[in-house]
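K.L.:
So that we are looking at the same thing, I have put the structure below in C-alpha cells.
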Amino acid sequence: MSQIAKAYGHVMRDPAYEQFAGGYVNYGLWTSATKSPAEACHHLVDTLFAKLPERGRVLDVAFGKGVSTKRLEERYGAENVAGINIDADQVQIARERGVTCDLRVMDAAKPDFPSESFDGILCIESAFHFQSRAQFLAEAHRLLRPSGVLVMSDILFRTGHGLDPEVFPPENHVSSVDEYRRAYVAAGFSPESVAIDVSSRQQIYPLCAAVAGAFDFFRGRAPGAEPQANGGQAFTAVERFWASFIVSRLVNIQECVLVAARK
C-alpha cells in the first residue's frame, strides 16, 4: 500500500466522514454563508464544473470516492469520462458508488493515454501529492486537445513541517502564487491561458473549526460518546489523526487556489 493510500485510509470508508463531507474528500470552498463542510465541498465542485467545457471527453484525476466522477458521467455520459487513481481501493469504492466509466489505477504524473485524448481534465485538491506536480502539468498539457482545459483546485504548501515527504513531496512546495503560475508556463501553457483565483488561506480556519467540533478533540471523544474513566482526556487514534491534520494544515498551507489552464 502506498503512503498516500495509508494517509487517506482514515476517511475513505469512515461513515462519519462520509456524512461530514458529503461523500467528497476535499477541503471545499468556504464563504461567509457556508454552513457545513459538505456544503463547502459541493460549492467547490460546482465552481470547478463551471470551468469545464460544455461537451467532449473528460478525465477525472485522483477522484477519491468517485463522487465528482459520477457527476461527470451525468453531465457528459459515461462513455465520455475516464478516471485515474493511484489507489486500487479508491477505484473499488468508486465502483461501489455506481461509477461505470473507464477507471484505471494509474500514476497521475505518468498517465498512459495517447496525446490529445481529452477536452477537459479535472483534478480536485490532489496535485500537491503528485511526484511531481510539474510532471503532471506537462502530461496534462500533452493529454489535452487544442483548446482543451485543465481545471484544478490546488493547495500551495510553503513547507512540509510535520508532513510525510512521500505524501507531500518537497518538490511541490512553492513560495508564491507567481512561482506556481510559472509551473504551468513551463509545462507548455501560455501565460495568458492560465487563470488562477486565490481562495484565501483563511478558508482553512472554518474547516479546521468544523473538524475540531465534529470530533470533540478537547474532550477526547466523539460527540455523543460516553466519557472515559479518566475524564475523557485520552485521544483515540482517529482523534489524534485529526488533531495532527489541524495543526499541520494551519502551519503549512500558504494558499488555496482554483485554476483553469487552456491549451
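The values are calculated or read from the model by the stated rules, or taken from the named source; none is laboratory data. Since we're looking at a predicted model, the values are computed, not measured. Please note: Cβ atoms are built from the backbone with ideal geometry, for glycine as well, and neighbour counts cover all protein chains shown. Only protein heavy atoms, including side chains, enter the accessible area calculation; ligands, DNA and RNA are left aside. Shrake-Rupley method; radii C 1.70, N 1.55, O 1.52, S 1.80 Å.
K.L.:
Give the relative contact order (percent, whole number) for the range 1-152; include only Cα pairs under 8 Å separated by 6+ residues.
P.N.:
That works out to 21 percent.
K.L.:
Starting from the 7 Å offset along Cα-to-Cβ, what nm value, one decimal, do you get for the label separation of residue 50 and residue 176?
P.N.:
Those two pseudo-labels are separated by 2.9 nm.
K.L.:
Hey, in the GNM for the chain with a 10 angstrom Cα cutoff, which one of 79, 39, 192 fluctuates hardest?
P.N.:
Of 79, 39, 192, the Gaussian network model singles out 192 as fluctuating most.
K.L.:
Could I ask something else about it? If every alpha-carbon in the range 23-140 counts as one equal scatterer, what log10 I(q)/I(0) does Debye give at q = 0.09, 0.12, 0.15 1/Å?
P.N.:
Results for the range 23-140 at q = 0.09, 0.12, 0.15 Å⁻¹ read -0.23, -0.41, -0.64.
K.L.:
Read through the labelled values (i) 145; (ii) 124; (iii) 175 and report the label of the one computed as volume of the Cα convex hull per residue in Å³ from the structure.
P.N.:
Of the listed options (i) 145; (ii) 124; (iii) 175, (ii) comes from this structure.
K.L.:
What nm value, rounded to one decimal, do you get for the distance between residue 6 and residue 19 when each label is placed 7 Å out toward the C-beta?
P.N.:
Inter-label distance under the simple model: 3.0 nm.
K.L.:
Here's a follow-up. Among DSSP beta bridges whose residues both lie in the chain, state the antiparallel percentage, nearest 5.
P.N.:
The answer is about 45 percent antiparallel.
K.L.:
Hey, quick one: spin label on residue 107, modelled 7 Å out along Cα-Cβ, who in the range 36-72 has an amide N within reach, i.e. under 14 Å?
P.N.:
It comes to no residues whatsoever.
K.L.:
Going by amide H atoms built from the backbone, whose H comes under 5 Å of the H on residue 83, apart from near neighbours?
P.N.:
60, 102, 103, 104
K.L.:
Continuing with the same structure: Give the dimensionless ratio obtained when the Cα radius of gyration of the range 76-138 is divided by 2.2 N^0.38 Å.
P.N.:
This ratio for the range 76-138 stands at 1.13.
K.L.:
Same structure, new question: Using a simple spin-label model with points 7 Å from Cα along the Cα→Cβ vector, what separation in nm is obtained for residue 193 and residue 100?
P.N.:
3.4
K.L.:
Could you state the accessible area per residue of the chain in Å², with a 1.4 Å probe and every protein chain left in place?
P.N.:
Counting only protein heavy atoms, the per-residue value for the chain is 44 Å².
K.L.:
List, in the order given, every pair from 6/70; 6/51; 70/110 whose Cα-Cα distance in the structure shown is over 29 Å.
P.N.:
6/51
K.L.:
Identify which of 50, 21, 33 has the largest mean-square fluctuation in a Gaussian network model of the chain, with springs joining Cα atoms closer than 10 Å.
P.N.:
So, out of 50, 21, 33, the one fluctuating most is 33.
K.L.:
So for the range 56-208, considering every pair of alpha-carbon atoms, how many percent are separated by more than 20 Å?
P.N.:
Distances greater than 20 Å cover 50 percent of the Cα pairs.
K.L.:
Quote to one decimal, in nm, the extra length available between residue 212 and residue 115 on full extension: 0.36 nm per residue of separation minus the C-alpha distance between them.
P.N.:
30.5 nm
K.L.:
Sticking with this one: If you count, for each residue, the other Cβ atoms within 10 Å and average over each peptide, how do 55-68, 132-145, 163-176 line up from highest to lowest?
P.N.:
Those peptides, ordered most packed to least, come out 55-68, 132-145, 163-176.
K.L.:
Could you work out the relative contact order of the chain? I mean the mean sequence separation of Cα pairs under 8 Å and 6+ apart, divided by the number of residues, in percent.
P.N.:
The normalised contact order for the chain reaches 18 percent.
K.L.:
Using the Karplus equation 6.51 cos²θ - 1.76 cosθ + 1.60 (θ = phi - 60°), what ³J(HN,Hα) coupling, rounded to whole Hz, does each residue of the range 98-109 give in order, writing x for Gly and Pro?
P.N.:
Once rounded to whole Hz, the list reads x, 6, 10, 6, 5, 10, 9, 7, 7, 6, 4, 7.
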